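The values are calculated or read from the model by the stated rules, or taken from the named source; none is laboratory data. On a predicted model such as this, the values are computed, not experimentally measured, just so you know. Here the Cβ positions follow ideal geometry from the backbone for every residue, glycine too, while neighbour counts run over all protein chains shown.
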Amino acid sequence: SPVNDEIGTLVNTLNLMLSRLEKAYNELDEAYKAQRRFVSDASHELRTPLTTIRGNIDLLEKMWSQTKQSLQQDGMSIVPLSQDHFQLSKEAMLDISAEAKRMSTLVNDLLALARADAGYVMDKSKVDMLSLTEAVVRRAQLLPRQADWEVGDLAALKGIDVYGNEDFLQQLLFIFIENAFKYTPQGSVTLSVQATDTHMAWVISDTGLGMNPEQVPHIFDRFYRADESRGVTPGTGLGLAIAKWILDEHQGSVEVTTEEGKGSTFIVWLPIDFS
Ligand code: ADP
């Protein structure tokens with residue numbers, strides 16, 4: 001009967017709405033859990049350097065109070081540190097300085113991602129990619145590295161603009177170069193460029209540690225560091241997560257090819273602005 005038909009349609013519509021609501025709920029729940037994981041990972045990562053700094057300060061305080069005691073006993077105005085204490089305090093201060101530096105990188109990276117999560121909108125304009133690339137190459141010159149650093153012909157970028165944020169685009173290329181340097185203990189790191197009718201690419205190639213292909217899907221996750229990298233090189237595990245955010249904001253993409261022990265190549269694509 002028509003009434004049955006109408007009820008049937010209504011039930012179908014309700015079911016459809018319900019499954020859509022369910023899907024939206026699951027997505028929200030996922031996002032919420034990811035956010036909570038991020039906050040707990042972040043506080044864990046921040047606590048580690050703080051503990052080291054605290055420990056070293058305690059050590060310095062102890063040595064200092066011993067020095068003060070012997071100063072009172074001897075009535076001397078200058079009490080030289082013993083050779084042992086001198087060495088220990090030097091190491092403690094170097095540790096504090098290294099950890100403070102690590103923390104400051106971490107805090108900067110965390111702030112960038114927190115801003116991204118909060119829906120931060122980048123200022124964008126036409127960016128000349130040849131001069132931007134040259135500027136990053138100059139900055140990269142100053143980075144520590146063991147590998148040779150080769151920059152190919154950048155002419156393919158002549159006259160190419162990308163609609164984007166200059167600072168973030170610089171940071172994007174910098175992240176890939178810095179990683180290539182970090183994970184290439186010997187051999188070479190090469191930057192070259194490509195352009196098609198619609199896109200330009202930076203190609204960052206290294207003959208370094210490479211990765212197990214199974215790790216590749218995870219390297220853009222926050223705090224992910226392949227096992228080999230831990231302990232070997234300092235890092236936050238946030239660089240590529242930031243790179244991914246910057247790429248998404250520019251409708252870009254990245255291709256990764258890698259072989260363990262042989263090296264990796266990252267091809268970073270960005271759409272050309274023709275306006
Ligand atoms: P970080 O370098 O601070 O660990 P990233 O997010 O930049 O964090 O990179 C995540 C992981 O991806 C690194 O820990 C490393 O295992 C791997 N990785 C990134 N770039 C390279 C590279 N050029 N060669 C080998 N491994 C890499």
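Output the strands (runs of 3 or more DSSP E) that fall wholly within region 148-222 and possess 3 or more residues being at pLDDT below 95, or say none.
By residue number, no strands (runs of 3 or more DSSP E) qualify.
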**Study point:** Subset of region 103-157 (residues that are touching a Ser or Thr at 6+ places or on another chain (Cβ under 8 Å), touching a residue at least 60 places away in the same chain (Cβ under 8 Å) and of a type outside the set (Ser, Thr, Tyr))
**Key:** Leu106, Asp109, Lys126, Ala147
Point to revise | Residues (within 23 Å of Arg115 (Cα to Cα) and either in contact with a Cys (Cβ under 7 Å, 6 or more places away or on another chain) or hydroxyl-bearing (Ser, Thr, Tyr) (or both)) located in region 24-47 | key: Tyr32, Ser40, Ser43
Check your understanding: Could you list, in sequence order, the residues of region 137-178 that are more than 14 Å from the chain's Cα centre (by Cα), within 16 Å of the ligand (Cβ to nearest atom) and of a type in the set (Phe, Trp, Tyr)?
Key -> Trp149
Review point. Ala241 fails exactly one of the following numbered conditions: (1) part of a loop (DSSP other than H, G, I, E, B); (2) near the ligand (Cβ under 8 Å from one of its atoms). What is the number of that condition?
Key: (1)
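Matching residues to (1) touching a residue at least 12 places away in the same chain (Cβ under 8 Å); (2) within 7 Å of the ligand (Cβ to nearest atom):
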{"site": "Gly208", "(1), (2)": "yes, yes"}
{"site": "Met211", "(1), (2)": "yes, yes"}
{"site": "Glu214", "(1), (2)": "no, no"}
{"site": "Arg222", "(1), (2)": "yes, no"}
{"site": "Val254", "(1), (2)": "yes, no"}
{"site": "Glu259", "(1), (2)": "yes, no"}
{"site": "Trp269", "(1), (2)": "yes, no"}
{"site": "Ile272", "(1), (2)": "yes, no"}
Check your understanding: Mind checking which residues of region 33-74 are basic (Lys, Arg) and either within 17 Å of the chain's Cα centre (by Cα) or at pLDDT 85 or above (or both)?
Key -> Lys33, Arg36, Arg37, Arg47, Arg54, Lys62
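Restricting the search to region 91-135, which residues are outside any helix (DSSP H, G or I) and surrounded by fewer than 18 Cβ atoms within 10 Å (Cβ to Cβ)? Give the derivation first.
Quick first cut of region 91-135, residues outside any helix (DSSP H, G or I) only: 118-128.
Passing the criteria: Ala118, Gly119, Tyr120, Val121, Met122, Asp123, Lys124, Ser125, Lys126, Asp128.
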Check your understanding: If you take the residues in region 179-193 that are away from the ligand (no atom under 11 Å from the Cβ) and in contact (Cβ under 8 Å) with a residue 60 or more places away in the chain, which one is surrounded by the fewest Cβ atoms within 10 Å (Cβ to Cβ)?
Key -> Gly187
Check your understanding: Val203: more than 10 Å from the ligand (Cβ to nearest atom), in contact (Cβ under 8 Å) with a residue 24 or more places away in the chain and surrounded by 19 or more Cβ atoms within 10 Å (Cβ to Cβ), yes or no?
Key -> no
Point to revise | Filter pass, Ala226 being small (Gly, Ala, Ser) and crowded, with 21+ Cβ neighbours inside 10 Å | key: no
